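First the structure, in the form of structure tokens, and then the observations on it.
Coordinate-derived values only; no laboratory data. Everything numeric in this text was worked out from a predicted model, so none of it was measured. With ideal geometry, Cβ positions are generated from the backbone for all residues, glycine too; neighbour counts draw on all protein chains shown.
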């Protein structure tokens, strides 16, 4: 029997939550409802969902705070999070992505748009789940364990930065434009500015420490991971 992706809907407005649940059920998903953070955590502790639809404005802990918490927990770190928000301003969208959300969808939205976003994050998650590791010199990324190490030391890498590094290392030495990275890392349904890529590249570079020089900016073209950085690596 085909697995029905389990979608945890964290939404405090019952009418909206139920409407989303009905549409998901009709399209082959298994929706689970929670009205706030405590109930959502209870559902997560029982069965880990495949995707979390998380409202920005919730009673008690905000969606932003919940996203940050779930991203620091090893069990929920890899679960895709889509923020549901009435906030359409770019700074708010960037704040949601920075908190660890994989995508955001602004209310009101169509069923087709919601389904497209959910399928997109599930597709992006599949290669990571397939496992395997990739190495460039002393930098090693293990997809299955969701771990990055440099010279044997484990590095603390955020979920979006992990996906970015995974993609760049698997396509080492090739230059990727910001538009290409937006499409591959965030998906073609995400409408954010290309400068958001720069924010996450900067964050990834900082997380890599001494290995950060391997992530090169190619002026006017984009970014690449290289085993032969122009700046020597300090050990």
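Numbers at a glance
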{"quantity": "The chain: antiparallel DSSP beta bridges as a percent of all, rounded to 5", "calculated": "50 percent"}
{"quantity": "Tilt relative to the chain, helix 195-208 - C-alpha long axis, 0 to 90 degrees, to 10", "calculated": "60 degrees"}
{"quantity": "Among (1) 48, 38, 35; (2) 58, 36, 35; (3) 57, 34, 27, the entry derived from the coordinates for Cα extents along the principal axes in Å", "calculated": "(2)"}
{"quantity": "Of 111, 46, 72, the one that fluctuates the most in a GNM where the chain has Cα springs shorter than 10 Å", "calculated": "46"}
{"quantity": "Percentage relative contact order, the chain, counting C-alpha pairs under 8 Å, at least six apart", "calculated": "13 percent"}
{"quantity": "Computed [θ] at 222 nm, helices only, for the chain once each DSSP H run of length n ≥ 4 contributes -39500 (n - 2.57)", "calculated": "-12000 deg cm²/dmol"}
{"quantity": "Residue 153 versus residue 6: modelled label distance in nm, points set 7 Å from Cα along the beta carbon direction", "calculated": "3.8 nm"}
{"quantity": "Difference of contour (0.36 nm per residue) and Cα-Cα distance, residue 112 to residue 68", "calculated": "13.1 nm"}
{"quantity": "0 to 90° range, to nearest 10: angle between helix 159-170 axis and the chain longest Cα axis", "calculated": "40 degrees"}
{"quantity": "Helix axis angle, 111-129 relative to the chain longest principal axis, alpha carbon, degrees", "calculated": "40 degrees"}
{"quantity": "Euclidean distance between Cα centres, region 55-69 to region 192-211, Å", "calculated": "24 Å"}
{"quantity": "Length released on extending from residue 219 to residue 175, taking residue separation times 0.36 nm less the Cα-Cα span", "calculated": "14.8 nm"}
{"quantity": "Top of 35, 172, 132 by mean-square fluctuation, Gaussian network on the chain, Cα under 10 Å", "calculated": "132"}
{"quantity": "Added length on full extension, which subtracts the Cα-Cα distance from 0.36 nm per residue, residue 142 to residue 22", "calculated": "39.4 nm"}
{"quantity": "Separation of the residue 39 and residue 193 label points, Cα + 7 Å toward Cβ, nm", "calculated": "3.7 nm"}
{"quantity": "Region 6-128: C-alpha gyration tensor shape, a/c 1.5 cut-off, then a/b vs b/c", "calculated": "rounded"}
{"quantity": "29, 109 arranged by Cβ crowding within 10 Å, fewest neighbours leading", "calculated": "109, 29"}
